[in-house]
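Worksheet: the structure to be examined is printed underneath.
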Amino acid sequence: MAKEPEQAKIDELSHANALKIALPLDITPTFLVNMSHANPTLDLTSFCAALASLQRALARWETTDKQDEELRDACIQRFEYTFELSWKMLKRRLELDLPDAQSVDAMSFRELMRSGGERGLLRDVDAWMVFRDKRNITSHTYNAATAADVAAAIPSFVQHAQDLLDQLQAKGADHA
């Protein structure tokens, strides 16, 4: 006997709430996985929004011939959180795709990127290593030369992040 649509929706929400409770504290609700499909999907809403925000800031900064320091700094900050979301979404996808999800937690960043490259999610693993280096220097030192160095990598990062997003969407994702 088929469930009434309202009861099915209540069951789905109950399942989603149960997932939220069981998640580790470092995972935000935007990383929830929808397991109701044959192919589990990721919620990429926050990644889509972050990348769009970075793209808007970058376009605005480029209209100033990259002379506006405040816009440059806004781009760097948006790069930081978009980078974090991008690799975490890659990790979530690999956890869904690999036979042993726990093995993903044991991977180094390089191994994670390599695995993403092997599965066609990343087109240039070495570029992602450079982006990680840029992200790391924004956390430790801040001066004009460092800012210029990081900012110079952002246009390339945007292209690679968009490629990753496209691949994640092709694998199956819920997004806004």
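The values are calculated or read from the model by the stated rules, or taken from the named source; none is laboratory data. Keep in mind the model is a prediction, meaning the values are calculated, not measured. Because the Cβ atoms are built from the backbone with ideal geometry, glycine has one as well, and the counts that use them run over all protein chains shown. SASA here: full protein model, heavy atoms, side chains in, ligands and nucleic acids out. Shrake-Rupley method; radii C 1.70, N 1.55, O 1.52, S 1.80 Å.
Structure above, values below:
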| read-out | value |
| --- | --- |
| The range 80-101: number of residues that are outside any helix (DSSP H, G or I) and within 22 Å of A170 (Cβ to Cβ) | 2 |
| Selected residue (criterion: modelled with the lowest pLDDT) from residues of the range 53-94 that are of a type in the set (S, T, Y) and under 18 Å from S156 (Cα atoms) | T63 |
| Per-region count, the range 144-167, residues within 17 Å of A57 (Cβ to Cβ), open to solvent by 30 Å² or more (accessible area, probe 1.4 Å) and over 14 Å from the mean Cα position of the chain (by Cα) | 4 |
| Of all residues making up the range 102-143, the number that are open to solvent by less than 30 Å² (accessible area, probe 1.4 Å), in a helix (DSSP H, G or I) and within 15 Å of Q167 (Cβ to Cβ) | 7 |
| Any pair with Cβ under 7 angstrom, 6 or more apart, that starts in the range 82-103 at a residue that is closer than 23 Å to L54 by Cβ and ends at one that is among the charged types (D, E, K, R) | F83/R135; R93/K171 |
| Number of the exception - A50 against (1) under 21 Å from Q167 (Cα atoms); (2) modelled with pLDDT under 95; (3) small (G, A, S) | (2) |
